[in-house]
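Trainee: For reference, the structure I am asking about is given below.
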Amino acid sequence: MFNAATYRATPRDLALVAVFTALTTVLAMPTITISGIAPITLQTLGFMLAASLLGFPWGGASVALYVLLIVVGLPIGAGGRGGLAVLTGPTGGFLLGGIVGALVTGWLVDKWGRTNPFAVGLANIIGLVLIVYAIGLPWLGWRTGSGLFAKLTLGFQFVPGDLIKVVITSLVVVTVARAYPAIAKKRA
């Protein structure tokens, strides 16, 4: 059962949301673009770390703040882009999917814990790979006017990099949770 009092933001929660938003910003800056549309960045690694370490709902809040800052015009998106056009453009679905995916990942990690790398990895695959792709690829097809099959084919080239990010996230989260047992506690 959802209890809103459990998720009342403390100053610490808000500070951590801001820190992980800043981390995601830094990770999104180095960009490689393939196929002329979809940039490859470490932005998703920032989403995964925020969701896995902050949990529900704060990981999602960090990603939502990042997207909001892009929408209001800060040039912090992939490759230093900003403005509403980033959200309404071909890759906007991946940003929206990132918010939903971070909420799901945070909830799953809160449920399953942060000390098992396989549980953390699975939570990230479900939330920040499958959900992001499920929202981002159809959006990409819609905004570019190309078929979903073509975009699914394009999306497959990102899978190896995303799986590497999942492994990195799992190792970092488990290491941090073991070093700081308070982080390992489940809220859900």
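The values are calculated or read from the model by the stated rules, or taken from the named source; none is laboratory data. Note that the structure is predicted; figures quoted are calculated from it, not measured. Glycine also receives a Cβ, built like all others from the backbone with ideal geometry; neighbour counts cover every protein chain displayed. Side chains are part of the model used for accessible areas, which takes the heavy atoms of the whole protein and leaves out ligands, DNA and RNA. Shrake-Rupley method; radii C 1.70, N 1.55, O 1.52, S 1.80 Å.
Trainee: What residue among T31, P181, V104 has its Cα farthest toward the positive end of the dipole of the chain, where the charges are +1 on Lys, Arg and -1 on Asp, Glu, each on the Cβ?
Mentor: Final value for the positive-end residue is P181.
Trainee: Which order do the peptides 102-115, 78-91, 51-64, 126-139 come out in when sorted by mean C-beta neighbours inside 10 angstrom, highest first? Present the calculation step by step, with values, prior to reporting the outcome.
Mentor: On the way: 102-115: 23.0, 78-91: 16.2, 51-64: 26.8, 126-139: 21.1.
Top to bottom by mean Cβ count within 10 Å: 51-64, 102-115, 126-139, 78-91.
Trainee: Per residue, what accessible area does the chain have, given a 1.4 Å probe and all protein chains present, in Å²? Don't skip to the end; give the middle numbers.
Mentor: Working: 9050 Å² over 188 residues.
That works out to 48 Å² for each residue.
Trainee: Tell me which residues come under 5 Å, amide H to amide H, from I40 once H is placed; ignore anything under 5 positions away on its chain.
Mentor: It is I32, T33, I34, by chain and number.
Trainee: Rounded to the nearest percent, how much of the accessible area of the chain (1.4 Å probe, protein heavy atoms only) is carbon and sulfur? Provide the component values of the computation, followed by the final result.
Mentor: Details: 6680 of 9050 Å².
It is 74 percent, rounded to a whole number.
Trainee: Next question. Can you list the residues of region 76-114 with backbone N under 20 Å from a point 7 Å past the Cα of L171, pointing along Cα to Cβ?
Mentor: Hits in region 76-114 for L171 at 20 Å: 114.
Trainee: Using the per-residue mean of other Cβ atoms lying within 10 Å as a proxy for protection, in what order, highest first, do the peptides 15-24, 158-167 fall? Don't skip to the end; give the middle numbers.
Mentor: Numbers: 15-24: 18.4, 158-167: 15.7.
My ranking of the peptides, most packed first, is 15-24, 158-167.
Trainee: If you don't mind, there's one more thing I want to ask. Under unit Cβ charges (Lys, Arg +1; Asp, Glu -1), what dipole magnitude, rounded to 20 debye, does the chain have relative to its Cα centre?
Mentor: Details: 12 positive and 3 negative charges, 69 e Å.
Using only the charged Cβ atoms, the result is roughly 340 debye.
Trainee: Continuing with this model, one more query. Over 23 Å, how big is the tail of the calculated P(r) for the chain, in percent of all Cα pairs? Please report the intermediate quantities before stating the final value.
Mentor: Numbers: 6670 of 17578 pairs.
Of all Cα-Cα pairs in the chain, 38 percent lie more than 23 Å apart.
Trainee: For the chain, what does the helix formula give at 222 nm: sum of -39500 (n - 2.57) over DSSP H segments with n ≥ 4, over the residue count, nearest 500 deg cm²/dmol?
Mentor: -21000 deg cm²/dmol
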